[in-house]
Amino acid sequence: MIDQILNITSHPLLIAVLIVVATWVLEDAAIISAALLSIDGFIGPLLAFLALFIGIFSGDLGLYGLGRMLAKWPLLSRQLNRWFSEEKISNANEWLRQRMVYTVLTVRVIPGLRLPSYLACGYFSYSFQLFAGLVLMASLVWTGILFFALYWFGSMFWSELSAYKWFLLPLFVLGIVFLHKRVQVSR
C-alpha cells in the first residue's frame, strides 16, 4: 500500500498539479520547490516551468476576476464609500488606469502589491484582454528568469548536499514567509 502511494505521489503529472496549486498559496516557495524537484529528477524542468506558469497566470487572472465580483457586491461599495470619498475612489481609478501597463508589469516583482493591484484592475473593470496579455508577458518573463536561474545555480550544489538537503527546503520556505512578513510590516 505504501509503495503504491509513493509511486502515485512521485508521478510527474501529479507533482505538476501540486506545483500549480502551490503557486496559489505561496508563489516564491513553489518556484524554489519546483526548481529543486527538477534538479532531483522528480519532474522535468520544462514541465515544472509550465506548471509554475499555469499556476501563476491562473492565480493572477483569478485575482482580477475576484475584483470584478467584488465590484458587483453592493455591501462592499457601501463600505468603500464609508471609508473613502467618491472623489478619492475616482482619483485612484484614474491614477491606476493611466499607469495600468506599468503597474501590472511592476507589481509582479514587488512582494505584497500584486493582490491589491490586480483586485483593483478587476474592480475598476479594466480591459480583461489587456490585463491578461500583460500578466501573460510578466509571468512568462519573471517566472522564467527565477525558475531557470534557481535551476541552473541549484544544479551546481543541490545534489552535493546528500540526504540532508530536503530538510533545508522547509527552512527556505520559512525564510520566504518571514521576508514577506518583514516587507509588509515595513510599508
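The values are calculated or read from the model by the stated rules, or taken from the named source; none is laboratory data. Note that the structure is a prediction, hence the values are computed from the model and not measured. Cβ: placed from backbone, ideal geometry, glycine included. Neighbour counts: every protein chain shown. SASA here: full protein model, heavy atoms, side chains in, ligands and nucleic acids out. Shrake-Rupley method; radii C 1.70, N 1.55, O 1.52, S 1.80 Å.
So the values come out like this:
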{"quantity": "Answer from F49, F57 - the residue that is open to solvent by less than 40 Å² (accessible area, probe 1.4 Å) and in contact (Cβ under 8 Å) with a residue 60 or more places away in the chain", "calculated": "F49"}
{"quantity": "Number of positions in region 8-31 that are part of a helix (DSSP H, G or I), surrounded by 14 or more Cβ atoms within 10 Å (Cβ to Cβ) and either touching a residue at least 60 places away in the same chain (Cβ under 8 Å) or among the polar types (S, T, N, Q) (or both)", "calculated": "4"}
{"quantity": "Residue list for region 36-67, filter: assigned to a helix (DSSP H, G or I) and either over 25 Å from L134 (Cβ atoms) or touching a His at 6+ places or on another chain (Cβ under 8 Å) (or both)", "calculated": "L36, L37, S38, I39, P45, L47"}
{"quantity": "Candidate set from region 34-46 (those that are among the small types (G, A, S) and surrounded by fewer than 24 Cβ atoms within 10 Å (Cβ to Cβ)); member that is nearest to L136 (Cα to Cα)", "calculated": "G44"}
{"quantity": "Flag for L169 being modelled with pLDDT of 70 or more and surrounded by 14 or more Cβ atoms within 10 Å (Cβ to Cβ)", "calculated": "no"}
{"quantity": "Candidate set from region 68-117 (those that are part of a helix (DSSP H, G or I) and β-branched (V, I, T)); member that is farthest from the chain's Cα centre (by Cα)", "calculated": "I89"}
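Each row is one residue, and each column tells you yes or no for (1) modelled with pLDDT under 80; (2) touching a strand residue (DSSP E or B) at 6+ places or on another chain (Cβ under 6 Å); (3) open to solvent by 70 Å² or more (accessible area, probe 1.4 Å).
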| position | (1), (2), (3) |
| --- | --- |
| L70 | no, no, no |
| W73 | no, no, yes |
| N81 | yes, no, yes |
| S85 | yes, no, no |
| N93 | no, no, no |
| R97 | no, no, yes |
